[in-house]
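Shown next, in structure tokens, is the structure this report addresses.
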Amino acid sequence: MTGRTFLAITVAALALTQARAADGPIAQVNDPYYVDAAKHLQDVAKRVPNTRRAKNIILFVGDGMGVTTVTAARIRQGQVAGRDGVSNKLVFETLPYAAFSRTYSHDSEVTDSAPSASAMTTGVKSRNGVINVDSSVPENDCKAGLAHPTTTIAELAEIAGMSTGAVTTTRITHATPAAIYAHAAGRDWERDADMKPEDIAAGCVDIARQLVEMRYGDGLEVAMGGGRAQFLPLSVADPEDPKKTGARKDGRNLVDAWMKRYGEGAAYVWSQPQLQALNMGKTKHLLGLFESSHMQFESARVRDKAGEPSLAEMTFKAISILERNPKGFFLLVEGGRIDHGHHAGMAAQALDDTVAMDEAVKAALAATDARDTLIVVTADHSHVLTMAGYPSRDNPILGLANREDGKPALAKDGKPYTTLSYANGPGAAEGDREDLTNVDTTKPDYRQQALVPFNSETHGGEDVPILASGPWAHLFQGVVDQQYIFHVMNRAGQIKQRAETAIRAGARKR
């Protein structure tokens, strides 16, 4: 290096230093990423914990909504709307407080929905396959289940005089919604036909009957989802499809039982037009069963013959009934078919149903006041969805991973691959991996490729997010066990305390 070159470099460096000094000691102070993060810090620093008693509590459960699902759904939502997907935010991602939930069950590193939902609604862990019984109860052990029940937050809320409800896109008798009103040593005991005669004789009751006959307070004020067959006898044709019938062998019509129990204030609907036409001012107890089994995936919902309400619409209708109680309410909302999309290896279905649940969160936020309503958004477990490769920032999240020149990136076998794939599931090849060059991987029913062959993709065991707003939401921080969610909700609403007061005053379970 010559002396003249060294002098030139020194002068240039000095000039750059002086230019930076004019803006302060940080050169990147005007960078948009820097500015955005600095503003976010300012907003966080202004937060003041809300320590008022929560009048209302809404628990959103994205069934199977792990971290990768949230990330991919965020990108999917932004790209469909024509925005930058990676910087987009789901509505529930804007909630001010967050934590991670450890989802293991009492007997497994990887939980199923029954004990994980039960942990959130009762505050204790239990074994895979059981609903609202303690950890001593083996799956399908009727007598042990009868001897060791746990009490749910909805049952406590009913004793305290609050209103309660469950809204889901699965059967209303499925594991997650059942976790607020039912107790079963077998999560599959959704109807009497699913049970052994000896268990029925021993006193175990199917989940659909438990919903209609809930013994706490006056039972659920709102129950909406799928699962008509669980409530209708074999002799009754399904109203939407006459080729189908109910599935109960005991001859009971539980829809009629619901109407008889609640009388003039009761309502039953099985289609979106019926829900829209309902006189909400006169409805005190609403049962909505919109499919014989699970409701449609969000991508297919608009094509349903009878018409299905969205999760957001059901959530709004539920709140409009529950909020009339001056003592407040507890509501469970489940985006249940996120889980089913993953089990089928169809990431598009899972992502679109995640976005649909986000719309439900948006509806709930608009219909309630953050000063008195605790909203918690979480998942019961994850799935084995992966997001990998080095696709460009604007590459379609459901598309083939690309290179810097926009062409598909190739794996070691010389074939392209998708950004999203599964560690196991029905998308696994028995021989060589399929060449995806001319395959439309963005279709709703496309099955992402998987590593290990399974008929149904499995749950994942990693931690899942918790996001929250409202009274005592600041207690969600760090890494917590899943049953902690119950304890925060209970603390926020003083529900156990209020239930004990009501019991002393004469309230009893029926």
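Checked against the criterion of being within 22 Å of PHE92 (Cβ to Cβ), in contact with a Leu (Cβ under 6 Å, 6 or more places away or on another chain) and not hydrophobic (A, V, I, L, M, F, W, C), the candidates ASP358, ASP380 yield just one match: ASP358.
Considering the stretch 371-400, the residues that are of a type outside the set (S, T, N, Q), surrounded by fewer than 24 Cβ atoms within 10 Å (Cβ to Cβ) and not in a loop (DSSP other than H, G, I, E, B) include one that is nearest to the chain's Cα centre (by Cα), namely MET387.
Each residue in the stretch 280-317 was checked for being of a type in the set (A, V, I, L, M), modelled with pLDDT under 95 and more than 13 Å from TRP270 (Cβ to Cβ), and 2 of them qualify.
Once the stretch 129-148 is narrowed to residues that are within 16 Å of GLN483 (Cβ to Cβ) and not in a loop (DSSP other than H, G, I, E, B), the residue that is nearest to the chain's Cα centre (by Cα) is ILE131. Of a type in the set (Val, Ile, Thr), assigned by TED's automatic domain parsing to the domain that holds GLN210 and in contact (Cβ under 8 Å) with a residue 40 or more places away in the chain: is that true of THR176 in this structure? Spelling it out, THR176 is indeed of a type in the set (Val, Ile, Thr), assigned by TED's automatic domain parsing to the domain that holds GLN210 and in contact (Cβ under 8 Å) with a residue 40 or more places away in the chain.
Looking only at the stretch 317-346, residues that are more than 16 Å from the chain's Cα centre (by Cα) and assigned to a helix (DSSP H, G or I) come to 6 in all. Contact map, the stretch 226-250: first residue touching a residue at least 40 places away in the same chain (Cβ under 8 Å) and not assigned by TED's automatic domain parsing to the domain that holds ARG337, second residue assigned to a helix (DSSP H, G or I) and crowded, with 18+ Cβ neighbours inside 10 Å, Cβ cut-off under 9 Å, separation 6 or more or different chains; the map is empty. Being in contact with a Gly (Cβ under 6 Å, 6 or more places away or on another chain), touching a residue at least 12 places away in the same chain (Cβ under 8 Å) and not in a loop (DSSP other than H, G, I, E, B) holds for only one residue in ALA350, ALA300, ALA356, ALA312, and it is ALA350. Being touching a residue at least 60 places away in the same chain (Cβ under 8 Å) and surrounded by fewer than 24 Cβ atoms within 10 Å (Cβ to Cβ) is the requirement here; does ASP339 meet it? Criteria not met by ASP339. Taken over the stretch 404-428, the criterion of being out of contact with any Ser or Thr (no Cβ under 9 Å at 6 or more places or on another chain) and among the acidic types (Asp, Glu) is satisfied by ASP405, ASP413.
Considering the stretch 433-471, the residues that are crowded, with 22+ Cβ neighbours inside 10 Å and over 20 Å from LEU385 (Cα atoms) include one that is farthest from the chain's Cα centre (by Cα), namely PRO471.
Taking the stretch 88-103, which residues are within 18 Å of ALA72 (Cβ to Cβ) and assigned to a loop (DSSP other than H, G, I, E, B)? Answer for the stretch 88-103, where residues must be within 18 Å of ALA72 (Cβ to Cβ) and assigned to a loop (DSSP other than H, G, I, E, B): ASN88, LYS89, LEU90.
Taking the criterion of being without any contact (Cβ under 8 Å) to a residue 40 or more places away in the chain and aliphatic (A, V, I, L, M), the residues of the stretch 392-441 that qualify are ALA401, ALA409, LEU410, ALA411, ALA423, ALA428, ALA429, LEU436, VAL439.
Of all residues in the stretch 368-379, those that are closer than 11 Å to ILE58 by Cα and at pLDDT 95 or above have Cβ atoms under 9 Å from Cβ atoms of residues that are acidic (Asp, Glu) and part of a loop (DSSP other than H, G, I, E, B), 6 or more apart or on another chain, in THR368/GLU323.
The values are calculated or read from the model by the stated rules, or taken from the named source; none is laboratory data. Since the model is a prediction, treat every value here as computed from it, not as a measurement. Neighbour counts are summed over all protein chains in view; Cβ atoms, including those assigned to glycine, are modelled from backbone coordinates with ideal geometry.
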